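Report on the structure given below.
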Amino acid sequence: MQAAQHAGIFKMKIHAISTGKVKITQNWQVAREGDPLRLAHTLFDRRFTDWLPIFCYVIEHPEGLIVIDTGIPANANDPVWFPPWMRLVQRAAYFDRMSSEEEIGPQLQKRGLSINDVRWVVLTHLHQDHDGGLHHFPQAEIVITQAEWKAAAGLKGRLVGYLNQRWPKWFSPTLIEFKNDPYGVFTYNHQLTLAGDVHLVPTPGHSLGHMSVLLQEDSHVICFAGDASYSQELLLTDEIDGIAPNPVAQLRSHKQILEFAAQTPLIYLPAHEWDAQRRLEAREAIPCS
Ligand SMILES: [Zn+2]
């Protein structure tokens, strides 16, 4: 396990790895709260964002590698046979063409990391650009929330856009039921590592069972935020996105993250913001007034 020693402080190596890129409609990225046609405006909008990254993060932890989200597979743009309205979703969020070498597995190997050393794969949620590289990790413990599993599995999951027919046949994740066990401002948490430096906390809204990963490092905490918001700015300005099934919960999750950041320097790393990589390298915390 590689780790750097800086002025006597043990620093874990953390990688931000973009597996492909995605464009989404502008109304998907930022939506109007209370708009009864929010989903229609999202799917039929003709204005798109620039290419956004699809970051997976990898922590070289002494207890084993922790992979947070797994990006997309090379065939992510292939038509989805079911349900038919997924065509609309594919138009409103489309992926850059990529080779199989850009999938998460080969990218780990390119960095000298072995798939066999992956102890946990934590999925912030089960959208296709977060669970699309699962097939690389048949031996790892895969961790999701009970609530996300409930929302995404079976026919019910497919009808609301989860591509569960693409899950590997062996997929049988560990389901987290959060305990009332406060961690900072988060009432509910699940401690992942024995060392007690990695915690999973519920940040629902963007999806019903969305969670974020908090890593205590020195005197700051790094928040691997998945799609809790698509960028730090959208967190600070408290915007909802176009597809969140529970916008009220999304706003509540934003508030909790910002309350946490007011108490402890927090480096905020969403999956779809290029600047997250720079903030990670600089360990630049959310500015708090
Ligand atoms: Zn998502």
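Brief remarks follow.
- Every residue from region 230-268 that is at pLDDT 95 or above, closer than 16 Å to ILE24 by Cβ and surrounded by fewer than 21 Cβ atoms within 10 Å (Cβ to Cβ): SER231, GLU233, LEU234
- Among the residues of region 269-289, those identified as under 23 Å from GLY20 (Cα atoms), crowded, with 18+ Cβ neighbours inside 10 Å and more than 16 Å from the ligand (Cβ to nearest atom) are ARG279, LEU280.
- Going through (1) at pLDDT 95 or above; (2) within 30 Å of ASP45 (Cα to Cα); (3) assigned to a loop (DSSP other than H, G, I, E, B); (4) not aliphatic (A, V, I, L, M) one by one, GLY161 falls short only on (1).
- A single entry from LEU108, LEU113 fulfils the requirement of being at pLDDT 95 or above, crowded, with 18+ Cβ neighbours inside 10 Å, part of a helix (DSSP H, G or I) and hydrophobic (A, V, I, L, M, F, W, C): LEU108.
- Annotation note: Cβ proximity below 7 Å between a residue of region 137-161 that is in contact (Cβ under 8 Å) with a residue 24 or more places away in the chain and closer than 26 Å to LEU108 by Cα and a residue that is surrounded by fewer than 18 Cβ atoms within 10 Å (Cβ to Cβ) and among the aromatic types (Phe, Trp, Tyr) (sequence gap 6+ or interchain) occurs for PRO138/TRP170.
- If you go through region 86-104 and keep only what is away from the ligand (no atom under 16 Å from the Cβ) and either over 22 Å from ASP227 (Cβ atoms) or free of Cβ contacts under 8 Å to residues at least 24 places away in the same chain (or both), you end up with ARG87, ARG97, SER99, SER100, GLU101.
- Highlighted here are the strands (runs of 3 or more DSSP E) found entirely within region 1-97 that include at least 1 residues which are modelled with pLDDT of 95 or more: 14-24, 52-61, 64-68.
- Matching residues, region 126-172, being within 25 Å of LEU52 (Cα to Cα), surrounded by 21 or more Cβ atoms within 10 Å (Cβ to Cβ) and within 14 Å of the ligand (Cβ to nearest atom): LEU126, HIS127, GLN128, ASP129, HIS130, ASP131, GLY132, ILE144, GLU148, ALA152, TYR162
- Selection within region 105-125: residues that are away from the ligand (no atom under 16 Å from the Cβ) and of a type in the set (Val, Ile, Thr). The member of this set that is farthest from the chain's Cα centre (by Cα) is ILE115.
The values are calculated or read from the model by the stated rules, or taken from the named source; none is laboratory data. Quantities reported herein were computed from a predicted structural model and do not represent experimental measurements. With ideal geometry, Cβ positions are generated from the backbone for all residues, glycine too; neighbour counts draw on all protein chains shown.
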